[in-house]
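In what follows, a single structure is set out as C-alpha cells and then discussed.
The values are calculated or read from the model by the stated rules, or taken from the named source; none is laboratory data. Bear in mind that the values here come from a model prediction, so they are computed numbers and not experimental data. Please note: Cβ atoms are built from the backbone with ideal geometry, for glycine as well, and neighbour counts cover all protein chains shown. These area figures cover heavy atoms from the full protein model, side chains too; ligands, DNA and RNA do not enter into them. Shrake-Rupley method; radii C 1.70, N 1.55, O 1.52, S 1.80 Å.
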Amino acid sequence: MIQSAAIKYTPPGQGQPGIAYDIDPQGLAIIDHKYLIISAYSKSKTFDSVLWILDFKTGRFVKPIALNNIDHVG
C-alpha cells in the first residue's frame, strides 16, 4: 500500500493522526455478506494496527477502526 491515514502508536487513548507509508494489509474477512474487513499493520510499528471496513456489495469504504496496538493483525 502506498499510503494510508493512520494513528501513531502512543499510550492508549493518546494516538496522534498521521500518514503511514508502511501499512501492510494482512487479512480479509467477510461478515454476513454485508461487510468486507481488511486487517493491516505498520511494518515499522510506528502506527496502530487497523481494520478497514468496506460495504461488501458496493466496495465503498465505511470506516476504519484503529486497534490501539502495534500487533501483527494478519
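Observations
- Pairs linking a residue in the stretch 35-47 that is on the phi > 0 side of the Ramachandran plot to a residue that is part of a loop (DSSP other than H, G, I, E, B) and at pLDDT below 90, with Cβ atoms under 7 Å and 6 or more positions apart or on different chains, are Lys45/Tyr9; Lys45/Ile70.
- In the stretch 4-25, the residue that is least open to solvent (accessible area, probe 1.4 Å) out of those that are without any contact (Cβ under 8 Å) to a residue 24 or more places away in the chain and not in a loop (DSSP other than H, G, I, E, B) is Asp24.
- Of all residues in the stretch 43-57, those being outside any strand (DSSP E or B) and either open to solvent by 90 Å² or more (accessible area, probe 1.4 Å) or touching a Lys or Arg at 6+ places or on another chain (Cβ under 7 Å) (or both) number 5.
- In the condition set (1) farther than 16 Å from His72 by Cβ; (2) part of a strand (DSSP E or B), Ala40 is compliant with all but (1).
- Scanning the stretch 58-74 for residues that are surrounded by 12 or more Cβ atoms within 10 Å (Cβ to Cβ) and of a type in the set (Lys, Arg) gives no hits.
- Residue in the stretch 26-34 that is surrounded by 14 or more Cβ atoms within 10 Å (Cβ to Cβ) and part of a strand (DSSP E or B) present: no
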